[in-house]
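Shown next, in structure tokens, is the structure this report addresses.
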């Protein structure tokens, strides 16, 4: 992950991965065979950690409480698992053109993220806490676009964005828009 943050995916070699891990130059090649397979493992491991964090913040909540918990989870991960987030988003963004396996996993992740968000909005509508004219699927795309767009800007210039302030502003405006 550190090599991806420092050099990007294209300039990270399996030889460097083996050396950085304190093993032989050929160990990573021997174990994974290609960078794409290594990156696929990184994505899988990250997704497991992210799912655990999301469950911790969302818990058994639904509707707006679940949506708010998800925002808290993303903010927490960005501020407290910074190098993991940087590495994963660099990997995801760079995989669009170079690593089909990673791109497919990212596409599946996006579907899952939007499905969860749409479910929370639908639950909020059913509970009467979200205005009924909100389209859950469209909102889910907007929500994901906010997260991924913010992270993209943060990666490009981390010191120019106050993540906590942006999350608070987004949360306040979004909840105001959604509430009945």
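Read-outs: derived from the displayed coordinates by stated rules, not from any lab. Predicted model, so just to flag it, every value in this text is computed and none were measured. Here the Cβ positions follow ideal geometry from the backbone for every residue, glycine too, while neighbour counts run over all protein chains shown.
For region 32-156, what Kirkwood radius comes out of the mean inverse Cα-Cα distance, in Å? In region 32-156 this quantity evaluates to 15.4 Å. Angle of helix 163-178 to the longest C-alpha principal axis of the chain, folded into 0 to 90 degrees and rounded to 10: 40°.
Remark: the residue 165-residue 44 segment gains 40.5 nm on full extension, using 0.36 nm per residue and subtracting the alpha carbon distance. Placing pseudo-labels 7 Å out from each Cα toward the beta carbon at residue 177 and residue 108 gives an inter-label distance of 3.1 nm. List the relative contact order of region 1-152 as a percent without decimals, with contacts defined as Cα pairs under 8 Å and 6+ residues apart. Computed value for region 1-152: 24 percent relative contact order.
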